[in-house]
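Inspection log for the structure reproduced underneath, given as structure tokens.
The values are calculated or read from the model by the stated rules, or taken from the named source; none is laboratory data. This one's a predicted model, so the numbers in the text were calculated from it and none came from an experiment. Cβ placement follows ideal geometry from the backbone for every residue including glycine, while neighbour counts extend to all protein chains displayed. These area figures cover heavy atoms from the full protein model, side chains too; ligands, DNA and RNA do not enter into them. Shrake-Rupley method; radii C 1.70, N 1.55, O 1.52, S 1.80 Å.
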Amino acid sequence: MLALATAGFLLCFWAWALLAPLGPTLRDDLDLSSFQQSLVVAVPVIVGSLGRIPVGALTDRIGARRVFPIVAALTILPVLYLGHLADSLPEVLAGGFFLGLGGTTFAIGVPFVNAWYQPERRGFALGVFGIGTGGTALSSFTTVQLADAVGRSFPFDLVAVLLAAYAVAAHLLLRDKPGRAVAAGSLVARTAATLRMPATLQLAFLYAMSFGGFVAFSVYLPTYLTTAYDLGRSDAALRTAGFVVLAVAMRPVGGWLSDRTNPAPVLAISYAVVCALALVAAIETALVPVGTLAFLGMAAGLGASSGAVFALVARLVPPERVGSVTGVVGAAGGLGGFFPPLVMGLVKSITDDYAWGFVLLAITAAAGGALTATVVRRRAHPSTQD
């Protein structure tokens, strides 16, 4: 079940990230400004993020076995539309809006995986499921290369076929944990109750920092590298893929460490690393080796902290509310990835420099570390758990 959920998450995230590597191409083809280019890659992020709230609550109610194949199948439609029909900024934005559906699958898989594992193994299991975020790496590795080698529509056709195959496989093979806790009440009532939980907003802020930073880099780093360092599109896409792969690989490591120690110190150390290296990136040193090491270090910190946040979810949230809380926390993570590309594009347009964007990242990471070291550390201490 973990393998099936991870595969579906990876494919849907691959679809969700199809526009980001094509950002420079769309900029040239549609004559976009820096802000418009940022908007194109950010729209699927915000829709996929906000959509996690109802999708997570729906998963708590009717189960991932029903929701996962439906979402995978529906994501095929915007993928094909963007690959074959969208040829203007409004059309690309409309397709990107519905492409955001692929990003909601995070809120389906977390409660599904959480139900299948005992508490002492959930951090690692959820970290493994988080490997599905590597779909963005697949997109970075393949989209530009396939578009150049075969044709612009081919990456979209390939993903559409894989999504169709997965939707059928998930319908036939996916099973919810027997006896899983089922949430009662309406979606609105359950969402309101979730938002009243103190842990929800704290976890949402932390995940906005962790996963939001990862998403922001995965969608905007190709643009940043081509603009700030004059790299070619393929080179920038491959370097972004390396960033994503390391971040994805560190996610189960963060969950594993949290299972064996405590999520709070894992988070605090990760945020400290991100804060320090964001300040290094703000200086815009040479890309090799200092800049590359700074970006890879931030990838490791963001990946490990993302895994640790959901180890906290497994500790602090009742099983029947994991989907609803995941929806809110996941939405915050995606929203955390929505604003930085817009901020970076706006800062670049105004100042012709990216430095302040990285300074803001450092400040946010410092705030996340402070919250973790105080309020969250007390709440997550093992002696307070059942």
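Values computed for the structure shown
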quantity	calculated
Matching entry among Leu335, Leu342 (being touching a residue at least 12 places away in the same chain (Cβ under 8 Å), under 19 Å from the mean Cα position of the chain (by Cα) and open to solvent by 40 Å² or more (accessible area, probe 1.4 Å))	Leu335
Residues of the stretch 1-41 satisfying the condition of being open to solvent by 10 Å² or more (accessible area, probe 1.4 Å), in a helix (DSSP H, G or I), touching a residue at least 12 places away in the same chain (Cβ under 8 Å) and among the small types (Gly, Ala, Ser)	Ala7, Ser34
Wholly within the stretch 170-262, helices (runs of 4 or more DSSP H) carrying at least 1 residues that are of a type in the set (Phe, Trp, Tyr) and in contact with a helix residue (DSSP H, G or I) (Cβ under 8 Å, 6 or more places away or on another chain)	198-228, 233-260
Any hit, the stretch 8-27, residues being farther than 22 Å from Gly333 by Cβ, of a type in the set (S, T, N, Q) and out of contact with any His (no Cβ under 6 Å at 6 or more places or on another chain)	yes
Residues that are under 20 Å from Ala264 (Cβ atoms), out of contact with any Cys (no Cβ under 7 Å at 6 or more places or on another chain) and open to solvent by less than 40 Å² (accessible area, probe 1.4 Å), drawn from the stretch 345-368	Gly368
Where Gly51 falls short, out of the listed (1) closer than 30 Å to Ser349 by Cβ; (2) within 14 Å of the chain's Cα centre (by Cα); (3) open to solvent by less than 10 Å² (accessible area, probe 1.4 Å); (4) not hydrophobic (A, V, I, L, M, F, W, C)	(3)
So Val329, is it under 23 Å from Ala204 (Cα atoms) and β-branched (Val, Ile, Thr)	yes
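Residue-wise test of (1) within 25 Å of Val168 (Cα to Cα); (2) at pLDDT 90 or above; (3) β-branched (Val, Ile, Thr).
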site: Pro54; (1), (2), (3): yes, no, no
site: Ala72; (1), (2), (3): yes, yes, no
site: Thr75; (1), (2), (3): yes, yes, yes
site: Glu91; (1), (2), (3): no, yes, no
site: Pro111; (1), (2), (3): yes, no, no
site: Asn114; (1), (2), (3): yes, no, no
site: Phe141; (1), (2), (3): no, no, no
